[in-house]
2 protein chains.
Amino acid sequence: MSSPDPGRTSPAVCAAPRSGGVGLVETLSLELPDGLELEGGARLAPITVAYETYGRLAPDRRNAVLICHALSGDAHAAGLHAAEDRCAGWFDDFIGPGRAFDTDRWFVICSNVLGGCKGTTGPASIDPRTGLPYGLSFPVVTLRDMVAAQRRLVAHLGIDRLLAVAGGSMGGMQALRWAVDHPDAVASCLAIATAGRQSPRAIAFHEIGRQAIQADPAWRKGDYYVGPAPDAGLSVARMVGHITYLSEEAMQAKFGRRLQDKAEFGYELATDFEVESYLRHQGDAFTRRFDANSYLYITKAIDYFDLGRGARSLAAALARARASFLLMSFSSDWLYPTAHSRELLRALLLNGQDASFCEIDSAAGHDAFLLEHERMAPVIRGFLERVHRRWTGGGDGGEGDGEGGESLAQRRRGAEGEGSG
Amino acid sequence: MSSPDPGRTSPAVCAAPRSGGVGLVETLSLELPDGLELEGGARLAPITVAYETYGRLAPDRRNAVLICHALSGDAHAAGLHAAEDRCAGWFDDFIGPGRAFDTDRWFVICSNVLGGCKGTTGPASIDPRTGLPYGLSFPVVTLRDMVAAQRRLVAHLGIDRLLAVAGGSMGGMQALRWAVDHPDAVASCLAIATAGRQSPRAIAFHEIGRQAIQADPAWRKGDYYVGPAPDAGLSVARMVGHITYLSEEAMQAKFGRRLQDKAEFGYELATDFEVESYLRHQGDAFTRRFDANSYLYITKAIDYFDLGRGARSLAAALARARASFLLMSFSSDWLYPTAHSRELLRALLLNGQDASFCEIDSAAGHDAFLLEHERMAPVIRGFLERVHRRWTGGGDGGEGDGEGGESLAQRRRGAEGEGSG
């Protein structure tokens, strides 16, 4: 087992390099000169969206799948940028011919989120009004905003309705936002290792990371783009994240109490244990590929995520969706434990919506969503085929376009309204 | 529920102030001019040990109970230092007439650990060779060393054998060390919310805290005693600790996703959620009462703790002990989960040792060991009475001095030796 997190070029991918089933790919850019009006009220313009696509859009345009990345991911989900690349894209095990998201069947899209630092506009981008990086003058963005930018990209690609939006962790939250915010544009939603809202504990871990970054004097209130970056703070933030991505079981199996490069305790304050060395390495490596301000903005966006906010309940919020849902959780994930998926499932079933749920037994903790491709692939493949068959009229108990599910949802909503009114 | 951790003057104690059943107390000091030879090889001298006592030592000296504090605790476990004190000692709910550690029955002792910053010699103490604070020239100390210093204190008080050594978290680890390192000096061991060794995940959380402190430029490699202290780093370290002391359930109940002093999201990077505000407050408050270098040294001592290290197994290490054991864990404690107590229990039972175990159902997480006094008190009281009765010949199935238990342990050890030899 390795221990990646959302979107990083993980040792797992590099240690056992896949050729990148989709071959050589490149990151493209979409310019949105008018930008977007954000949930917080500000207008951000212009916006650049970095994205990649794999496979081919079908003539009927009913085979497009959008993959949403997690906290530290990017648009490079699959394949190689150059033949000599040591690492394939962050979700390469899942995307390609015959894989869970089969590029012989589906047209797969992945874009970097708004607020990120991998090609899409974020706090490190140049503010055209000043000619300098935004830094903290970048407006706070939400998952709703990220999804709105993706919607523009999807429209640009000529797609009115996606076969599926899929993602793990923050990617799963985006998939849920898609289903609720753009009900007519999503036939199905695969929400993996995620939750309907960020829990206070998960907020607390993010806040530790933000405090560590802001306590680093190099951070200079976000104005560090000329000068040293707040690497020490970002590294601590990343270390915290890594602990939350692993299960206690996985850490025990991976490190135990083994010492690093020594047989006996050093009786000094330096690193003694492998687990310490591993975390420091992960923290350091992260500073070479991620922007500290993006870390602040993206964690904030996740913390704001609460699907039921503004609605009467989580179920009421989800009732807007017309998608079929596949929820997946992992037995040892304590960051977004199975109970959080069950809460979503309960709300969907209460509404009479089409929802499948699968808990996968895994010791890998939250990281499992990037690692358990062998066990996840059959479930994902079957689900996508069913949704596609249904949409394209191939039949699935006689239902077309999910109407049966929807009308049941309508009935239940009525009943719920009576009960609480 | 409140959310204290080992030894802090918690809001719980202060919000519902107890008169301090033991009344006015003062912290005393024992000087050890020759100091100690430490596990790491260095000699530390002189050593001052800060301590308090409550109740009276019986003429037969068989009623002494040593309480060991956790990471951030001190010698002031019970009572008040001044009549106007807002807060009683950190374990006041448990110590006093009629409480779990009944001062009408027992003579209770608590001392600050070696390496601490509350009166016992630690990195902030003056090094007599230089006339300056030790800082990082302070030698690394272990729980074995802390216990060795306590042993000197106990001898100074005229006690050859303790009725009990008790503690939660790091305090429980000290109690276990006492039982193994000084088998003839301990009649019983109460190891609460603890483990036989520090887990890699718990090491990892400590390492985050140490990294945060060391990343603070004010830390200056520990040489900050003239000048600003590394408060930002220490505050982050403390915030991490607090998350590990609370259960997800407790955080949900205590904070949920409630906003701090606002009705709507601020759409800014500032604090939005109560849980963030709470953690920042806890972090800040901690910097006013704790020394950052002590935090480094004490967390390191905990991380080194591994009872089985140097022995064939955990059971082989525990077989040296002649004490009766009471292990207590809490259902929602994920820092030292019940499985860790069960591992200790299994080893003790394998040896045929006298061991009781009790898991208390509580939503309070690791903090429960400071909060669940009503449920814990009857168990602790009954255990102490049994051990005392046994030792003083009051009878307990005819066994005197635990010899029966010991001989069974000897037999089992023999059998185990045959099996593996």
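The values are calculated or read from the model by the stated rules, or taken from the named source; none is laboratory data. Since this is a predicted model, take the numbers as computed values, not measurements. All Cβ positions, glycine included, derive from the backbone under ideal geometry; neighbour counts span all protein chains shown.
For the reader, a short list of remarks on this structure follows.
- Test for residue B:316: is it part of a helix (DSSP H, G or I) and farther than 21 Å from residue B:213 by Cβ: yes
- Members of the range B:37-52 that are aliphatic (A, V, I, L, M) and away from every other protein chain (no Cβ under 14 Å): B:45, B:47, B:49, B:50
- All positions within the range B:147-172 that are under 18 Å from residue B:73 (Cβ atoms) and either within 14 Å of chain A (Cβ to nearest Cβ) or assigned to a loop (DSSP other than H, G, I, E, B) (or both): B:169
- Hey, residue A:195 of a type outside the set (Lys, Arg), free of Cβ contacts under 8 Å to residues at least 60 places away in the same chain and more than 7 Å from every other protein chain (Cβ to nearest Cβ) or not: no
- Odd one out for residue B:335 among (1) surrounded by 21 or more Cβ atoms within 10 Å (Cβ to Cβ); (2) aliphatic (A, V, I, L, M); (3) touching an Asp or Glu at 6+ places or on another chain (Cβ under 9 Å): (3)
- Being touching a Gly at 6+ places or on another chain (Cβ under 6 Å), over 20 Å from residue A:325 (Cβ atoms) and either buried (at least 24 other Cβ atoms within 10 Å of the Cβ) or at pLDDT 95 or above (or both) is a property that does not hold for residue A:158.
- Selected residue (only one of B:82, B:75, B:58 is part of a loop (DSSP other than H, G, I, E, B), surrounded by 24 or more Cβ atoms within 10 Å (Cβ to Cβ) and touching a residue at least 12 places away in the same chain (Cβ under 8 Å)): B:75
- For the range A:222-256, the candidate set comprises residues that are within 22 Å of residue B:243 (Cβ to Cβ) and β-branched (Val, Ile, Thr); within that set, the residue that is farthest from the other protein chains (Cβ to nearest Cβ) is A:244.
- Scanning the range B:26-54 for residues that are surrounded by fewer than 18 Cβ atoms within 10 Å (Cβ to Cβ), outside any strand (DSSP E or B) and of a type in the set (Asp, Glu) yields B:26, B:34.
- Scanning the range B:199-221 for residues that are modelled with pLDDT of 95 or more and away from chain A (no Cβ under 12 Å) turns up at least one hit.
- Filter result (outside any loop (DSSP other than H, G, I, E, B) and under 19 Å from residue B:268 (Cα atoms)) within the range A:118-146: A:127, A:133, A:135, A:136, A:137, A:143, A:144, A:145, A:146
- Number of the condition not met by residue B:357 [criteria: (1) in contact with a helix residue (DSSP H, G or I) (Cβ under 9 Å, 6 or more places away or on another chain); (2) in contact (Cβ under 8 Å) with a residue 40 or more places away in the chain]: (2)
- Any hit, the range B:88-95, residues being within 22 Å of residue B:307 (Cβ to Cβ) and buried (at least 24 other Cβ atoms within 10 Å of the Cβ): no
- Test: residue B:135 is more than 14 Å from chain A (Cβ to nearest Cβ), in contact (Cβ under 8 Å) with a residue 12 or more places away in the chain, of a type in the set (Gly, Ala, Ser) and surrounded by 17 or more Cβ atoms within 10 Å (Cβ to Cβ): no
- For the range A:226-268, the set of residues classified as surrounded by fewer than 16 Cβ atoms within 10 Å (Cβ to Cβ), of a type in the set (A, V, I, L, M) and closer than 30 Å to residue A:124 by Cα consists of A:226 only.
- Residue in the range B:96-108 that is under 30 Å from residue B:35 (Cβ atoms) and part of a loop (DSSP other than H, G, I, E, B) present: yes
Let's see how each residue does on (1) surrounded by fewer than 16 Cβ atoms within 10 Å (Cβ to Cβ); (2) in contact (Cβ under 8 Å) with a residue 40 or more places away in the chain; (3) under 27 Å from residue A:247 (Cβ atoms); (4) under 16 Å from the mean Cα position of the chain (by Cα):
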site: A:286; (1), (2), (3), (4): no, yes, yes, no
site: A:293; (1), (2), (3), (4): no, yes, no, no
site: A:301; (1), (2), (3), (4): no, yes, yes, yes
site: A:305; (1), (2), (3), (4): no, yes, yes, yes
site: A:330; (1), (2), (3), (4): no, yes, yes, yes
site: A:341; (1), (2), (3), (4): no, yes, yes, yes
site: A:362; (1), (2), (3), (4): no, no, yes, no
site: A:369; (1), (2), (3), (4): no, yes, yes, yes
site: A:384; (1), (2), (3), (4): no, yes, no, no
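- The combined condition, being aliphatic (A, V, I, L, M) and either at the interface with another protein chain (Cβ under 8 Å from one of its Cβ atoms) or over 31 Å from the mean Cα position of the chain (by Cα) (or both), is fulfilled by residue B:259.
- Any hit, the range A:143-159, residues being more than 18 Å from residue A:184 (Cα to Cα) and touching a strand residue (DSSP E or B) at 6+ places or on another chain (Cβ under 6 Å): no
- Filter pass, residue B:272 being within 9 Å of chain A (Cβ to nearest Cβ) and either small (Gly, Ala, Ser) or free of Cβ contacts under 8 Å to residues at least 60 places away in the same chain (or both): yes
- Considering residues of the range B:207-254 that are among the polar types (S, T, N, Q) and part of a helix (DSSP H, G or I) only, the residue farthest from residue B:274 (Cα to Cα): B:214
- Among (1) surrounded by fewer than 24 Cβ atoms within 10 Å (Cβ to Cβ); (2) assigned to a helix (DSSP H, G or I); (3) out of contact with any strand residue (DSSP E or B) (no Cβ under 6 Å at 6 or more places or on another chain), the one test that residue A:345 misses: (3)
- Filter pass, residue B:184 being surrounded by fewer than 24 Cβ atoms within 10 Å (Cβ to Cβ), part of a helix (DSSP H, G or I) and out of contact with any strand residue (DSSP E or B) (no Cβ under 9 Å at 6 or more places or on another chain): yes
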